[in-house]
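To start, the structure itself, in structure tokens.
The values are calculated or read from the model by the stated rules, or taken from the named source; none is laboratory data. Not measured: the values here are computed from a predicted model. A quick note on method: Cβ atoms are made from the backbone with ideal geometry, for glycine too, and the neighbour counts reach across all protein chains shown. Surface areas here come from the heavy atoms of the whole protein model, side chains and all, with no ligands, DNA or RNA. Shrake-Rupley method; radii C 1.70, N 1.55, O 1.52, S 1.80 Å.
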Amino acid sequence: MSNQDKIFPVPDDFAKNALIDDTLYQKMYQASIDDPDAFWGEHGKRLSWSKQYTKVKDVSWSKENLHVNWFSDGELNVSYNCIDRHLKDKADQIAIIWEGDDPNKSENITFAQLHRRVCRFANVLKSMGVQKGDRVTIYLPMIPEAAYAMLACARIGAIHSIVFAGFSAEALAGRINDCRSSVIITADEGLRGSKSVPLKKNVDEAVKHALGVDKILVVENTGNPVSMKGGRDIWWHEAATGVDEFCEPVAMKAEDPLFILYTSGSTGQPKGVLHTTGGYLVWASMTHEYVFDYKPGDIYWCTADVGWVTGHSYIVYGPLANAATTLMFEGVPTYPDASRFWNVVDKHKVNIFYTAPTAIRALMGQGEDFVKKTSRKSLRLLGSVGEPINPEAWEWYYKVVGDSRCPIVDTWWQTETGGIMISPLPGATPLKPGSATRPFFGIKPELVDSEGVVLEGATEGNLVISDSWPGQMRTVYGDHQRFKDTYFSAYPGKYFTGDGCRRDEDGYYWITGRVDDVINVSGHRMGTAEVESALVAHDLVSEAAVVGYPHDVKGQGIYAYVTLSAGNDGTPELAKDLVNWVRAEIGPIASPDKIQFAPGLPKTRSGKIMRRILRKIAEDEFSNLGDTSTLADPEVVDDLIENRQNKK
Ligand code: ATP
Ligand code: MG
């Protein structure tokens, strides 16, 4: 039996105690599809509205009249919903556990403290002249001030745009200009794996190319000296001493913007995704509660960075709207060593743990010992997001990390979707390694062929969503035409995800990779995920990426980049073995034509493999690699080019 046929039933005790079991899932799902207005009208009440909505869904995806409105006559404030409303009975509960890069540093922040600090932050922003509707760029490391800054913007109605603190001055300048933001919040330096990152210096460099920045608020983090320009640069700790500890939250319309966030840039130039207030928060909080089966008292940890949408929805907004205790981690999974995640789990008694396949594969490559020497007894549920998780990595996560006790929720979603779209509910859904399983409430996934014909039953095609949900993006900031073109022009009336997908006999969804990355070998179309998963299933392989390249006979050949686990060498014999291995696992049609051993793969800063770059190298066309501003480790590319297998 191959991995893909394995089924992991819901553990009995998990089902018994879960918020949602299978019967309830079916019932609620059907209700959400039959009558979205009634369903969301009811579930919108999970938030506190300063003005109750009377309208629920007002959406058209037609080309002529594209608009998306949810709860549009309601008013609320996100910061109030994430903090103030919990003060009555949870003021002393921990809202944020901050774990520093340095394993000896951590801090617990209660809801009462969070309230005071966010209010202060909001008052400082006001004193700097920030008003409702202004764009504020946040370029901060994973320190509590990042959450304060987000919530402070939300409190006064400013629109935040977070730029991942690992990005260069140039990438930062581009994003500041794109959303025309005049205020930047940053820190002196960031700290990751004991190395410092010169954030203020990058900002100084960026504003030379970014017009119209008049104020820079600087958080003191490492304390190393940085240059401060009089009249423009303000220390947070100095500004904060003079301001009031209370700031009235501003009533926002449900469709007022909450934030702009740029996509990861896996497939091209990042898009400035705009999310609004009411629908987004309903979606983030409801998915957080049900997908993670969150119950009061749980300690919840999402390892993402706030620079990505996962950090927005599942470190800050979703959990805090649910009055959860959310852990925020400044560091990296391998510092001081590869046990760090599990040490943090033990230290803070984490119950729910949510990370990305890239981290799992990297830790898998380091061996079991780093995991096994920790307890992890507190863990109850595991999660994955960002890329298809190879069944091999899934099983390692399940068995080694979770000791075969904890269900895994493999959550498929996008920056554009605001929150989780397809995922198991852990008390309801039997799991299949590598499948994101079934749609969340209100989500109508469809598979279509290239002509847009809807395919029924067990089949494979392009994944579209056929109706709106409250958390969907509203526009590409400043470029509504790009919004229409990117998502609603390929299949009129439907939201095109850009992902390929298979649906099996049980109605489970399997993301097969990006539609742009599909390989066509002798007329057989193949997603990248399946071939990559076959390679990763080999003992010596820790990571793999496959792309197509022009092939005289087959149309396209399969080119595989392979990273071996620690201590193994890429010999010609091993390359041959791997080809035979894939042939045996999937079939001759999928056997790679070229194997290149690579010490590392090009990834976005959020850890996704950038196949568009690998495709260029495989085609021997590497002089123009396209937008590389979101690439994590540009040196990796030089090695790949040098050792390419298709030199002309
Ligand atoms: P860009 O849109 O700029 O190319 P991106 O698509 O990588 O960048 P994100 O919004 O961060 O930006 O990522 C969303 C994509 O990540 C999805 O479209 C999908 O391809 C992939 N993805 C996320 N979660 C999963 C998952 N659980 N299984 C499979 N794929 C996933
Ligand atoms: Mg995308």
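Below is a table of values for the structure above.
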read-out: Selection from segment 234-257 of residues that are open to solvent by 20 Å² or more (accessible area, probe 1.4 Å) and either within 16 Å of ligand 1 (Cβ to nearest atom) or part of a strand (DSSP E or B) (or both); value: Ile234, Trp235, Lys253, Pro257
read-out: Subset of segment 379-407 [farther than 24 Å from Ala566 by Cβ and either within 16 Å of ligand 2 (Cβ to nearest atom) or open to solvent by 30 Å² or more (accessible area, probe 1.4 Å) (or both)]; value: Arg380, Val385, Ser404, Arg405
read-out: Residues that are open to solvent by less than 20 Å² (accessible area, probe 1.4 Å) and basic (Lys, Arg), drawn from segment 475-501; value: none
read-out: Scan of segment 66-91 for residues that are of a type in the set (Asp, Glu) and over 18 Å from Ala147 (Cα atoms), ordered by number; value: Asp73, Glu75, Asp89
read-out: Residue match in segment 487-501 (condition: of a type outside the set (D, E, K, R), within 14 Å of ligand 2 (Cβ to nearest atom) and not in a strand (DSSP E or B)); value: yes
read-out: Among residues of segment 177-222, those that are within 15 Å of Ile143 (Cα to Cα) and hydroxyl-bearing (Ser, Thr, Tyr), counted; value: 4
read-out: Residue tally, condition in contact with a Gly (Cβ under 6 Å, 6 or more places away or on another chain) and part of a helix (DSSP H, G or I), over segment 358-382; value: 1
read-out: Filter result for the condition that a residue is closer than 20 Å to Ser48 by Cβ and in contact with a Lys or Arg (Cβ under 8 Å, 6 or more places away or on another chain), over Gly129, Gly166, Gly157; value: Gly157
read-out: Which listed residue is hydrophobic (A, V, I, L, M, F, W, C) and open to solvent by 50 Å² or more (accessible area, probe 1.4 Å), from Leu76, Leu47, Leu66, Leu24; value: Leu24
read-out: Test: residue in segment 80-98 that is part of a loop (DSSP other than H, G, I, E, B) and touching a residue at least 40 places away in the same chain (Cβ under 8 Å); value: yes
read-out: Complete set of residues in segment 364-383 that are more than 21 Å from Ile97 (Cα to Cα) and modelled with pLDDT of 95 or more; value: Glu368, Asp369, Phe370, Val371, Lys372, Lys373
read-out: For Leu217: the one exception among (1) within 16 Å of ligand 1 (Cβ to nearest atom); (2) within 20 Å of Arg117 (Cα to Cα); value: (1)
read-out: Residue in segment 218-229 that is at pLDDT 95 or above, in contact with a His (Cβ under 9 Å, 6 or more places away or on another chain), open to solvent by 10 Å² or more (accessible area, probe 1.4 Å) and in a loop (DSSP other than H, G, I, E, B) present; value: yes
read-out: Residue in segment 156-168 that is open to solvent by 20 Å² or more (accessible area, probe 1.4 Å) and not in a strand (DSSP E or B) present; value: yes
read-out: Spans of strands (runs of 3 or more DSSP E) in segment 503-621 with at least 3 residues open to solvent by less than 10 Å² (accessible area, probe 1.4 Å); value: 541-551, 555-564
read-out: Meets criteria (within 30 Å of Pro336 (Cα to Cα), buried (at least 24 other Cβ atoms within 10 Å of the Cβ) and not assigned by the TED database to the domain that holds Gly278) for Ala206; value: no
read-out: Filter result (farther than 21 Å from Gln556 by Cβ and in a loop (DSSP other than H, G, I, E, B)) within segment 622-642; value: Ser623, Asp627, Thr628, Ser629, Thr630, Ala632, Asp633
read-out: Test: residue in segment 272-289 that is modelled with pLDDT of 95 or more, surrounded by fewer than 23 Cβ atoms within 10 Å (Cβ to Cβ) and away from ligand 2 (no atom under 16 Å from the Cβ); value: yes
read-out: Of all residues making up segment 338-356, the number that are in a helix (DSSP H, G or I) and in contact (Cβ under 8 Å) with a residue 60 or more places away in the chain; value: 5
read-out: Cβ pairs under 7 Å, 6+ apart, first in segment 408-431 and within 8 Å of ligand 1 (Cβ to nearest atom) and open to solvent by less than 10 Å² (accessible area, probe 1.4 Å), second assigned to a helix (DSSP H, G or I) and of a type in the set (A, V, I, L, M, F, W, C); value: Thr411/Val291; Ser423/Val291
read-out: Which numbered condition Arg180 fails, given (1) open to solvent by 60 Å² or more (accessible area, probe 1.4 Å); (2) closer than 29 Å to Gly478 by Cβ; (3) touching a helix residue (DSSP H, G or I) at 6+ places or on another chain (Cβ under 9 Å); value: (3)
read-out: Residue check, Thr222 in contact with an Asp or Glu (Cβ under 6 Å, 6 or more places away or on another chain) and of a type in the set (Ser, Thr, Tyr); value: yes
read-out: Condition check for Glu368: more than 16 Å from ligand 2 (Cβ to nearest atom), among the acidic types (Asp, Glu), more than 21 Å from His288 (Cα to Cα) and crowded, with 19+ Cβ neighbours inside 10 Å; value: no
read-out: Unmet criterion (only one of (1) within 14 Å of ligand 1 (Cβ to nearest atom); (2) closer than 25 Å to Val130 by Cβ; (3) open to solvent by 10 Å² or more (accessible area, probe 1.4 Å)) for Ile260; value: (3)
read-out: Pick from segment 263-281, criterion among the small types (Gly, Ala, Ser) and not in a loop (DSSP other than H, G, I, E, B), ranking: nearest to ligand 1 (Cβ to nearest atom); value: Gly272
read-out: Flag if Ala356 is within 16 Å of ligand 1 (Cβ to nearest atom) and within 27 Å of Leu281 (Cα to Cα); value: yes
read-out: Ala31 being at pLDDT 95 or above, over 27 Å from the mean Cα position of the chain (by Cα), open to solvent by 50 Å² or more (accessible area, probe 1.4 Å) and of a type in the set (Gly, Ala, Ser); value: no
